[in-house]
Amino acid sequence: TRKMSVDQKFVSPFHRPYLFGGIAGGIEICITFPTEYVKTQLQLDEKANPPRYKGIVDCVKQTVRDHGVKGLYRGLSSLVYGSIPKAAVRFGMFEFLSNKMRDESGKLDSTQGLICGLGAGVAEAIVVVCPMETVKVKFIHDQTSANPKYRGFFHGVREIVRTQGLKGTYQGLTATVLKQGSNQAIRFYVMTALRNWYKGDNPQKTINPLVTGVFGAVAGAASVFGNTPLDVIKTRMQGLEAHKYKSTVDCAIKIMKHEGPAAFYKGTVPRLGRVCMDVAIVFIIYEEVVKVLNKVWKTD
């Protein structure tokens, strides 16, 4: 008979990917947040009223000048609270779906990787990302206005729910589901394809963390070029100016009409750097967390 350690009773194999993903997500966001802050600032800094920032470097300079280095970490709390459950739902859902689709030898082909990634992306969009991103965009937008209304993350959430109802935290749901679904579908497809190629005929072959990082960066880059337009639309739909747009489609048409196609790729450079680093880090951390914690929770 199999003996089970106390830890394992509480953390069943079913729950483990959720826990592993959550830990990986928490570590990763603390490393990469400043680039997220700059990206959001540049996207909200629209053309019309003369832009405050000349570019990435200028945005960093002004923020550090006005608020010190910790200014680049404003709004971090809202992302940490969201990042942990987001990665937990993503990796948990991916493992759950992929375990149902693997063949006898435990192999997952790239098309199955795409389907599992899509499922994981849609799940994280509905459960975590949409409410979290709406709050984050409103929070950062509010912090940069002349007299900020929100005293902190939870106060901000309370105010948004009080004045706009729960609907206020679910703005741009369609755009978010499209974005996260396509994002994770592309990333897990590329990741699965690269892993299968690397392992060749030996499914047991271990992958060096640096190789995992390179694969993650490639997967991240592919997802950026695949869906930056959706990211731009989503940011606009969730900002304080969201009332200007009737729907996701209306927002896309208006951006196209008033600002031209280039506007859909606004913030691509900071996003490319951030996403490649992000995806590389989160895949490396996830794999390492899995290795370490699986040793701790060995069944005998």
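The values are calculated or read from the model by the stated rules, or taken from the named source; none is laboratory data. Just so we're clear, the structure is a prediction, and the values are computed from it rather than from any experiment. Neighbour counts are summed over all protein chains in view; Cβ atoms, including those assigned to glycine, are modelled from backbone coordinates with ideal geometry. Ligands, DNA and RNA are excluded from the accessible area calculation, which covers all protein heavy atoms including side chains. Shrake-Rupley method; radii C 1.70, N 1.55, O 1.52, S 1.80 Å.
Charges were assigned to the Cβ only: +1 to each Lys and Arg, -1 to each Asp and Glu. The resulting dipole of the range 172-294 about its Cα centre is roughly 260 debye.
Calculated accessible area for the range 172-294 comes out at 44 Å² per residue, all protein chains present (probe 1.4 Å; ligands, DNA, RNA ignored). A full extension of the chain between CYS30 and LEU166 corresponds to an added length of 46.2 nm, given 0.36 nm per residue minus the alpha carbon distance. When the Gaussian network model of the chain links Cα atoms closer than 10 Å, the mean-square fluctuations of GLU241, GLU124, GLU104 top out at GLU104. Sequence-distant contacts, meaning Cα pairs under 8 Å at least 6 residues apart, place the relative contact order of the range 172-294 at 36 percent. Under a model in which nothing but the beta-carbon of Lys, Arg (+1) and Asp, Glu (-1) is charged, the chain shows a dipole of about 480 debye around its Cα centre. Here is the list for the range 80-176: trypsin sites (Lys or Arg not before Pro) lying in DSSP coil, each with at most 15 other C-beta atoms within 10 angstrom of its C-beta, are ARG102, LYS107, LYS149, ARG151.
Treating r as the C-beta distance of ASP66 and LYS254 and R0 as 30 Å, the FRET efficiency rounds to 0.45. Principal-axis analysis of the Cα atoms of the chain puts helix 76-101 at an angle of about 40° to the longest axis. Mean sequence separation of contacting Cα pairs (under 8 Å, at least six apart), scaled by the length of the chain, corresponds to a relative contact order of 25 percent. The mean of 1/r over all distinct Cα pairs in the range 172-294, once inverted, gives the Kirkwood hydrodynamic radius of 16.0 Å. For the chain, the share of accessible area belonging to carbon and sulfur comes to 65 percent (1.4 Å probe, ligands and nucleic acids excluded). Taking the longest Cα principal axis of the chain as reference, the axis of helix 173-199 is set at about 40 degrees. Think of the chain as having a plus end and a minus end, set by charges on the Cβ of Lys, Arg, Asp and Glu; of ASN196, THR63, THR174, THR63 sits farthest toward the positive end of this dipole. In the chain, the longest principal axis of the Cα atoms and the axis of helix 16-44 are about 20 degrees apart. Dimensions of the chain based on its C-alpha atoms, expressed as ranges along the principal axes with the largest first, amount to 67, 39, 36 Å. Computed with a 1.4 Å probe on the full set of protein chains, the accessible area for LEU178 sits at about 90 Å².
With K and R counted +1 and D and E -1, the other residues having a Cβ less than 9 Å from that of LEU240 yield a net charge of -1.
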